[in-house]
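Single-structure report; data block below.
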Amino acid sequence: MEKRTLGKSGLKLSRIGLGTMTWGRDTDELEAANQLRIYLDAGGNFIDTAAVYGDGDAERVIGGFIGTLVARDEITIASKAGVSFKSGERTINNSRASLLQDLDASLDRLSVDYLDLWQIHQWDSETPLEETLSALDFAVSSGRVRYVGVSNFASWQIARSATIQNPFFGKVAISSAQSEYSLLNRKVESEVLPACHEVGVGFIAWSPLGRGVLTGKYRSGTPSDSRGASPHFSGFIAPYLEPGARQIADAVAVAAEGLGYSPVEVALGWVRDRPGVVSAIVGARTGAQLRGALSAEEIEIPTQVREALDEISTSRI
């Protein structure tokens, strides 16, 4: 699988990353192990997780595979910190103490000494940014982390973070910014992607399949075994089931049929090759679904089809 350099760092990521948001909860260890084998056999190296995924269970599952299914130095592990449900409600806390506590807990669950990439999961308007970023500096200087980034930040938040973290002043550079990006959500194109380009930050796309809607599985309703029917994810999927989104999903399906590809290949290939994208993260319910997504590595979407998809989805920018 092709690797791309993350921003101005020396870190190289597979251009398709393996998402683990459901691991340890909706995806059991046996299925997760199967998916990891499939991904590694395809040449992938980038495993994306977060402290909050499954209340830490996703990291625990990954930790059980290191040293058994895969050697530590054969994979790039990225995790995120700052978001929790400790009080029963979603809470964001980017204080230095909370972030470093999250980091130590992640390392313990993953059974590793360091993370390849550690990211601030969400902007925290109640904590001074300088304090938040100081945790990144300490994480790297203490050997717990190799590279750092941010997730779900607005363009000005990315730019400000990258400006403060100027290596010229002895700071650890921001290497990555991770946000949602698909044919159903192109908002990052207006400001986030240009900001990343200007400050030399690599962009990582999450949910490139439009929260699963672009696979075509929801065109005739919500399958009982889909995430859209899951109590954990139904609210997450619902915004992309409105008529405008369905029209784009239909267009992807028509393009796929005409090319002899699957809707997954077309939707993922479109994001993967957008300007500025380093890697697109996919999460799958089954190994068969993951194989279908990884087959996008072997295809390229013709310019004419890409332009048609661009045009029909302009309302999503």
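The values are calculated or read from the model by the stated rules, or taken from the named source; none is laboratory data. As the structure is a computational prediction, the values presented were derived from the model and not from experiment. With ideal geometry, Cβ positions are generated from the backbone for all residues, glycine too; neighbour counts draw on all protein chains shown.
Could you count how many residues in the range 99-139 are under 25 Å from Asp73 (Cβ atoms), of a type outside the set (Gly, Ala, Ser) and not in a helix (DSSP H, G or I)?
Final tally of qualifying residues: 8.
Just to check your reading of the model, which residue among Ala42, Ala97 is of a type in the set (A, V, I, L, M) and touching a helix residue (DSSP H, G or I) at 6+ places or on another chain (Cβ under 6 Å)?
Ala42
Which residue pairs have Cβ atoms under 6 Å apart, sit 6 or more places apart or on different chains, and have a first residue in the range 66-89 that is under 21 Å from Ser176 (Cα atoms) and a second that is of a type in the set (Gly, Ala, Ser)?
From residues that are under 21 Å from Ser176 (Cα atoms), the pairs are Ser79/Ala50; Ser79/Ser106; Lys80/Ala50; Lys80/Ser151; Ala81/Ala51.
So for the range 46-60 (the condition being over 22 Å from Pro208 (Cβ atoms), touching an Asp or Glu at 6+ places or on another chain (Cβ under 8 Å) and surrounded by 20 or more Cβ atoms within 10 Å (Cβ to Cβ)), does at least one residue qualify?
Yes - at least one qualifying residue is present in the range 46-60.
Are there helices (runs of 4 or more DSSP H) fully within the range 215-283 with at least 1 residues that are at pLDDT 90 or above? List them.
In the range 215-283, 243-259, 263-272 are the helices (runs of 4 or more DSSP H) which contain 1 or more residues that are at pLDDT 90 or above.
Can you tell me which residues in the range 15-37 are surrounded by fewer than 16 Cβ atoms within 10 Å (Cβ to Cβ), among the aliphatic types (A, V, I, L, M) and either within 18 Å of the chain's Cα centre (by Cα) or part of a loop (DSSP other than H, G, I, E, B) (or both)?
Residues satisfying the conditions do not exist here.
Pull out all pairs, ordered by first then second residue, where Cβ-Cβ is under 8 Å, the residues are six or more apart or on different chains, the first lies in the range 169-198 and is in contact (Cβ under 8 Å) with a residue 24 or more places away in the chain and farther than 27 Å from Pro243 by Cα, and the second is among the acidic types (Asp, Glu) and in a helix (DSSP H, G or I).
Within 8 Å, the pairs are Lys171/Asp137; Val172/Asp137.
Which of the following residues is in contact with a helix residue (DSSP H, G or I) (Cβ under 7 Å, 6 or more places away or on another chain), among the hydroxyl-bearing types (Ser, Thr, Tyr) and at pLDDT 95 or above: Ser151, Ser142, Ser79?
Ser79
Identify, please: which residue in the range 100-109 is without any contact (Cβ under 8 Å) to a residue 40 or more places away in the chain and either under 23 Å from Gly10 (Cα atoms) or of a type in the set (A, V, I, L, M) (or both) and is, among those, surrounded by the most Cβ atoms within 10 Å (Cβ to Cβ)?
Leu107
Scan the range 110-132 for residues that are of a type in the set (A, V, I, L, M, F, W, C) and surrounded by fewer than 24 Cβ atoms within 10 Å (Cβ to Cβ) and jot them down.
Those that are of a type in the set (A, V, I, L, M, F, W, C) and surrounded by fewer than 24 Cβ atoms within 10 Å (Cβ to Cβ): Val112, Trp123, Leu129.
Yes or no, residue by residue, for (1) surrounded by 17 or more Cβ atoms within 10 Å (Cβ to Cβ); (2) not in a strand (DSSP E or B):
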| position | (1), (2) |
| --- | --- |
| Leu13 | yes, no |
| Tyr39 | yes, yes |
| Ile62 | yes, yes |
| Thr68 | no, yes |
| Ala78 | yes, no |
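What number goes with the only condition from (1) out of contact with any Asp or Glu (no Cβ under 9 Å at 6 or more places or on another chain); (2) part of a helix (DSSP H, G or I); (3) surrounded by fewer than 17 Cβ atoms within 10 Å (Cβ to Cβ) that Glu89 does not pass?
Unmet condition: (2).
Hey, any hits in the range 171-178 for a residue that's buried (at least 17 other Cβ atoms within 10 Å of the Cβ), touching a Pro at 6+ places or on another chain (Cβ under 8 Å) and not in a loop (DSSP other than H, G, I, E, B)?
No.
Taking the range 140-158 only, how many residues are assigned to a loop (DSSP other than H, G, I, E, B) and surrounded by 22 or more Cβ atoms within 10 Å (Cβ to Cβ)?
1
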